[in-house]
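One structure below.
The values are calculated or read from the model by the stated rules, or taken from the named source; none is laboratory data. Keep in mind the model is a prediction, meaning the values are calculated, not measured. Using ideal geometry, Cβ is built from the backbone for each residue, glycine included, and neighbour counts are taken over all protein chains shown. Just so you know, the surface numbers come from the protein's heavy atoms only, side chains and all, with ligands and any DNA or RNA stripped out. Shrake-Rupley method; radii C 1.70, N 1.55, O 1.52, S 1.80 Å.
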Amino acid sequence: MKLFRLHKRFLLMLNAIAILVAFLMHLPELIALSEPEAGSRLFPDVHWANVSYEILFTYLSMLLLFLLNIKVMMPAKPTTELGWKRVAVTFVVTLVVCNLLGKGFVYVHQHLGVPAITATLHHYLHPLRDILIACIVTGTSYLYYQNQRSRRMLLENEQLRTENLVNQYEALKSQLNPHMLFNSLNTLYSLIRESPDKAQNYLQELSRVMRYTLHDNQSHTVALSEEMSFVRSYIYLLQMRYEDNLHFEIEIPQELLQRQVPLMAVQMLVENAVKHNEISNRKPLTIRICAQGDSLCVSNRIQPRLSDGSSTCIGLANLSKRYRLLFGRDITIEENEKNFQVTLPLI
C-alpha cells in the first residue's frame, strides 16, 4: 500500500500543514471570538465549540484529501513523469470531494447536533476555502512526488555509475591476468628445456601466484603487506630464471604495509621492468621498490632490449585507469635517459 511506503517525515509534514491550514481557514472566526462586539456582526452566535469543531473537521478533511491525492495522483512506477492531465484530474477530484465533505459536515450538524458555524458569511466563504484547500493539497502532493522522483533518479544514476565503474574495473583486470599468465608460461617453457628440476619448483610457485591473481577480491584493493607477499613469490619465479642477473632492493617501512593498493599493482610494475629491459651477464638489472612519503616507487635503470618492439602503454594505462576508478587518484610516471620510475599513491 502506498501509504505505508511514505516517509515518516512526509507524514509529519502533512499533519503540520493540515493543522496550520485548519487554523488559518478559520482565522476570521477566531478573530471574531477574540473581539465579541465586532465579531458578532459578521459571525453572530459564534462560540468556541463551533469554531473548534470546524477546525477539527478541516484538519481531518485535509488528511483524507492527502490520502486521496496519493491514491489518485501517484503513478505505479515511482520514476514516471507526472503529466499535467493527471494533476488536473487530481485537483478536480480533490475539489469535488472537499465540497462533498463540507456538505456532509452540514448534514451531521443539522441531524446529529454537532456544533458548527451557521453564519451566512461563513457559508459564502466555503467555496473559496474549498478551492484553496484543493490547491494546497494537490500542490503539496505534486511537489512531494517530484522531490521523491528526483531523489530516486539520482540514486539510480549513482547505482548505474557504480555498476559501470565495477564493470570497467573488471574489464581492466581481465586484461591483466592473461597478460601475466602468458609471460609466466613462456618462462616455464624455457625452464622445462633448460632445467626440469627448477621447472617443477617454478610450477609450484606459479600455482600460488595464479591463485592470488584469480582470487575474487570484491573490494578490488589489498593491503600493501598482502601485495608484497605476492610480489615476493613472483620475484622468486623471476630469479629462478635470471638468477644473479636480476636484483631487487625493497625498502618499505612497517607502518605503510597496511595502506591499500589495487590488486597486482606492484607486480605489474615489476613485470613491466623485466619485460622491457635487457637482463644479462653484461647488463644485470636492479629493480628498487621503496617508499617515499605516502607513496610507493618502483624504479629501474633503462636498459632497452634490442629486440623489444612492444610498448609499455597498455599495462600502465590500465593501472592508471584502475587508480582513477577506485580512488580518484593517479599514478606518476617519470622517465629520463637513464631511469624509469612509477610512483603509486598509498591509500
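Whenever a residue of the range 315-335 is free of Cβ contacts under 8 Å to residues at least 60 places away in the same chain and under 18 Å from Ile347 (Cα atoms), its partners that are of a type in the set (Asp, Glu) and not in a helix (DSSP H, G or I), lying with C-beta atoms within less than 8 angstrom and at least six residues away or across chains, give the pairs Ser320/Asp330; Arg324/Asp330.
Considering (1) part of a helix (DSSP H, G or I); (2) in contact (Cβ under 8 Å) with a residue 60 or more places away in the chain, the lone condition that Val96 does not fulfil carries the number (2). Among (1) buried (at least 17 other Cβ atoms within 10 Å of the Cβ); (2) at pLDDT 80 or above; (3) not polar (S, T, N, Q), which single condition is Arg86 missing? So Arg86 meets the others, but not (1). Within the option set Ser229, Ser280, Ser233, being surrounded by fewer than 20 Cβ atoms within 10 Å (Cβ to Cβ), among the hydroxyl-bearing types (Ser, Thr, Tyr) and touching a Lys or Arg at 6+ places or on another chain (Cβ under 9 Å) holds for one residue only, Ser233. Can we say Val342 is in contact (Cβ under 8 Å) with a residue 40 or more places away in the chain and open to solvent by less than 60 Å² (accessible area, probe 1.4 Å)? When the stated conditions are applied, Val342 passes them. Just one of the listed residues (His26, His47) is at pLDDT below 85, open to solvent by less than 30 Å² (accessible area, probe 1.4 Å) and on the phi < 0 side of the Ramachandran plot, namely His26.
For the range 1-23, the candidate set comprises residues that are surrounded by fewer than 13 Cβ atoms within 10 Å (Cβ to Cβ) and part of a helix (DSSP H, G or I); within that set, the residue that is modelled with the highest pLDDT is Ala16. From the list Leu319, Leu296, exactly one residue is open to solvent by less than 50 Å² (accessible area, probe 1.4 Å) and modelled with pLDDT under 85. Which is it? Sole residue among the options that is open to solvent by less than 50 Å² (accessible area, probe 1.4 Å) and modelled with pLDDT under 85: Leu319. Residues considered: Arg151, Arg161. Of these, the only one that is part of a helix (DSSP H, G or I), surrounded by fewer than 15 Cβ atoms within 10 Å (Cβ to Cβ) and at pLDDT 70 or above is Arg151. Within the range 240-261, take every residue that is part of a helix (DSSP H, G or I) and modelled with pLDDT of 85 or more and give me the one that is least open to solvent (accessible area, probe 1.4 Å). Within the range 240-261, the match that is least open to solvent (accessible area, probe 1.4 Å) is Leu256. The criterion of being open to solvent by less than 20 Å² (accessible area, probe 1.4 Å), in contact with a Gly (Cβ under 7 Å, 6 or more places away or on another chain) and touching a residue at least 40 places away in the same chain (Cβ under 8 Å) does not hold for Met264.
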